[in-house]
1. Taking the criterion of being loosely packed, with under 15 Cβ neighbours inside 10 Å, under 25 Å from residue 123 (Cβ atoms) and either at pLDDT 95 or above or not aliphatic (A, V, I, L, M) (or both), would at least one residue in region 42-50 satisfy it?
2. Which ones in region 78-131 are on the phi > 0 side of the Ramachandran plot and either free of Cβ contacts under 8 Å to residues at least 12 places away in the same chain or loosely packed, with under 11 Cβ neighbours inside 10 Å (or both)?
3. Test residue 37 against the criterion of being in a strand (DSSP E or B), at pLDDT 95 or above and either of a type outside the set (S, T, N, Q) or touching a Leu at 6+ places or on another chain (Cβ under 9 Å) (or both), and give yes or no.
4. If residue 34 satisfies every condition in (1) more than 12 Å from the chain's Cα centre (by Cα); (2) buried (at least 17 other Cβ atoms within 10 Å of the Cβ); (3) farther than 13 Å from residue 81 by Cα; (4) of a type in the set (S, T, N, Q) but one, which is the exception?
Amino acid sequence: MRGITISDSTPDGFLAVNLIDILEIIAPAISTTQWQITNLECLGTTAEKLYQIADNRQLISSKLLLKLVAEITQVIDGKFQGYLLNENQPWLIITAVDSSAYDVETVDENILNQIRQQFQQISELPILLTV
């Protein structure tokens with residue numbers, strides 16, 4: 001997997017990106033993806049529903065994830081792992097990092113290219129070699 005960090009910020013230093021921004025850019029590619037949410041901390045009208053899903057380790061569709069995160073004002077922390085049907089390893093991982101950045105890791109270079117085109121402050125994540 002390769003990855004990037006998105007850290008676009010507002011003039012007053014706050015993160016200018018929310019999870020919905022990322023998901024909407026890549027929406028066509030994630031249409032059949034199921035999501036597992038862990039380590040969640042967020043604010044918004046659907047936060048409690050997202051907490052329930054995370055606590056129950058429930059897999060949800062991209063459609064439901066998009067609907068729920070559209071009502072989230074801030075994701076402080078959280079890992080959103082995307083799985084293809086009948087796969088046991090995620091093909092896409094989006095991690096909210098302490099309200100300061102989003103890490104996006106995937107096996108699909110096209111996803112990373114789409115994100116690179118849409119955001120200003122992008123850095124490459126180190127490639128971790130497994131032994």
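The values are calculated or read from the model by the stated rules, or taken from the named source; none is laboratory data. The structure presented is a predicted model; accordingly, all values stated were derived computationally and were not measured. Note: ideal-geometry Cβ built from the backbone for every residue, glycine included; neighbour counts use all protein chains shown.
1. no
2. Matches in region 78-131: 86, 98.
3. Details: in a strand (DSSP E or B): yes; at pLDDT 95 or above: yes; either of a type outside the set (S, T, N, Q) or touching a Leu at 6+ places or on another chain (Cβ under 9 Å) (or both): yes.
Considered against the rule, which asks whether it is in a strand (DSSP E or B), at pLDDT 95 or above and either of a type outside the set (S, T, N, Q) or touching a Leu at 6+ places or on another chain (Cβ under 9 Å) (or both), residue 37 comes out as yes.
4. Going through (1) more than 12 Å from the chain's Cα centre (by Cα); (2) buried (at least 17 other Cβ atoms within 10 Å of the Cβ); (3) farther than 13 Å from residue 81 by Cα; (4) of a type in the set (S, T, N, Q) one by one, residue 34 breaks only (3).
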